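Just so it is clear, none of the values below were taken in a lab; they were calculated from the coordinates. Predicted, not measured: the structure shown is a model, and the values here were computed from it. As a convention, Cβ positions derive from the backbone with ideal geometry for all residues, glycine included, and neighbour counts pool all protein chains shown.
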Amino acid sequence: NTMRDFLRDLPKCEHHLHLEGTLEPDLLYPLAQRNNIELPEQFPKTVKELEDRYKQFKDLQDFLDFYYIGCEVLLKQEDFFDLAWAYFKRSHSQGLKHAEVFFDPQSHTSRGIAIETVVSGFQKACVKAQQELHISSKLIMCLLRHLPVEDCKATLESSRVLFETQQLHGLGLDSAEKPFPPELFAECYETARTFHPDIQLTAHAGEEGDASYVSNALDLLKASRIDHGVRSTEDPELMARLARDKVMCTVCPLSSVKLQVFQDVRELPLTEFLNAGIPFSLNSDDPAYFGGYILDNYVAVQTRFDWDLATWEKVVRQSIEGSWCDDKRKNELQ
Ligand code: ADE
Ligand code: ZN
């Protein structure tokens, strides 16, 4: 298949990937067993049943209900390592070169796991991915916006040293978007900016929330990147701003269809972004839940948009340019 081969060979960067969202059903059950975790009564009992349930989600919350149950099987440092290492190996075979990956410490610290356990497991996988697969990576800690702000502040404090020592590079904001707008987290982001001069800030916005969530993430959180951002098209002034300030939107094609933000990949505003000059990257979000890793997302886009070589070169160049690695690494990626 020449289209897939062409897309596989492009030097791909992923900027929107939740490590907990890479938990495949065929790892979930063995981990539950290994850690003696009892899954909820109504939870599907087999890999096949679970895969069937993942075929469609009603909305973001319907997905998140499964995602957080999945998190419960992760307990030990090696669980976090195994999870991330499986992601790197699989994505390596799809042509991934650089990954800036999210994790949600509160899903784990709420169960009595130390944040250091989570981070050290993920970090070991990142080091191995660099050494054995030549994939560079950065860790982005996300705050769960559905939890009390006080809880988020405590999590931030517990992560301070990890940012100071640059074990963590970025801060993000995820989970249920709509009743929890960016303004609730302005203080958290202000605190995070004191942790390290090079800390990078992003936030999920404009996935289920409207364009004002994107504007407020820029104005009040001072985010330099927007995760999803697909509803920005509703506000022409915002579109002009994203283009002028070169704010990268991390678009997730298969995710947005699975969560019914759009009915088909062809409805994604990629042509609008290209025409407006807004940089974006294509990402897998939670590949174990949404039916595809990074290359599958590239293929889904090409199947609908039929871009020419020049357009793909532009998309790839913008995703390298918008990465949070240094210029030396960016040059290697070109
Ligand atoms: N957590 C994991 N995936 C997410 C998404 N797409 N939106 C919000 N929170 C998430
Ligand atoms: Zn996401």
Next item on the list: For segment 273-331, run through the chymotrypsin sites (Phe, Trp or Tyr not before Pro) and keep only the ones in DSSP coil with at most 10 other Cβ atoms within 10 Å of their Cβ.
Entry: none
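Among Met141, Met3, which comes first, second and so on when ranked by fewest other beta-carbon atoms within 10 Å?
Met3, Met141
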Notebook entry, point to check: Tell me, how many Å apart are the Cα centres for segment 6-51 and for segment 230-268?
Noted result: 26
Note to self: Can I get the semi-axes of segment 142-196's equivalent ellipsoid? Compute them from the C-alpha gyration tensor as square roots of 5 times the eigenvalues, in angstrom, largest first.
What the structure shows: 20, 10, 10
Check: Looking at the P(r) of segment 2-333, how many percent of alpha-carbon pairs lie beyond 35 Å?
Finding: 14
Check: Working out 0.36 nm times the residue gap between Thr311 and Lys328, then minus their Cα-Cα distance, what length gain in nm do you get to one decimal?
Finding: 3.7 nm
Notebook entry, point to check: If a helix is a whole DSSP H run, which ones in the chain reach 15 Å or further along their own axis (Cα) and hold a mean Kyte-Doolittle hydropathy of at least -1.0?
Noted result: 60-71, 77-92, 115-133, 149-164, 294-305, 309-321
Item checked: Value of Rg to Rh for segment 150-255 (Rh from inverse mean 1/r over Cα pairs, i.e. Kirkwood) -> 0.98
Item checked: Sequence of Asp174, Asp52, Asp285 once ranked by neighbouring C-beta atoms within 10 Å, starting from the fewest -> Asp52, Asp174, Asp285
Notebook entry, point to check: If Lys and Arg each add +1 and Asp and Glu each add -1, what is the summed charge of the other residues whose beta carbon sits under 13 Å from the beta carbon of Phe6?
Noted result: -2
Notebook entry, point to check: With the calculation restricted to Cα positions, what are the radius of gyration and Dmax of segment 195-334 in angstrom?
Noted result: 14.7, 44
Item checked: Modelled FRET efficiency - R0 25 Å, Tyr68 with Asp219, Cβ distances, 0.05 increments -> 0.25
Note to self: Please compute the length gained on full extension between Ala114 and Glu41, using 0.36 nm multiplied by the number of residues separating them and subtracting their Cα-Cα distance.
What the structure shows: 23.6 nm
Notebook entry, point to check: What number, rounded to the nearest 500 deg cm²/dmol, is the helix-based mean residue ellipticity at 222 nm of the chain, given -39500 (n - 2.57) per DSSP H run of at least four residues and division by all its residues?
Noted result: -14500 deg cm²/dmol
Check: If only Cα atoms are counted, what is the Rg of segment 100-147, and what is its Dmax, in Å?
Finding: 12.2, 38
Check: Gln61 to Lys246: extension gain in nm, 0.36 nm per residue of separation minus the Cα-Cα distance?
Finding: 63.6 nm
Item checked: Coordinate range along principal axes, alpha carbons of segment 26-183, Å, largest first -> 43, 40, 29
Check: Among Cys13, Cys126, Cys188, which comes first, second and so on when ranked by fewest other beta-carbon atoms within 10 Å?
Finding: Cys188, Cys126, Cys13
Checklist line | Largest-first principal axis extents of the Cα set of segment 1-66 (Å) | finding: 45, 30, 25
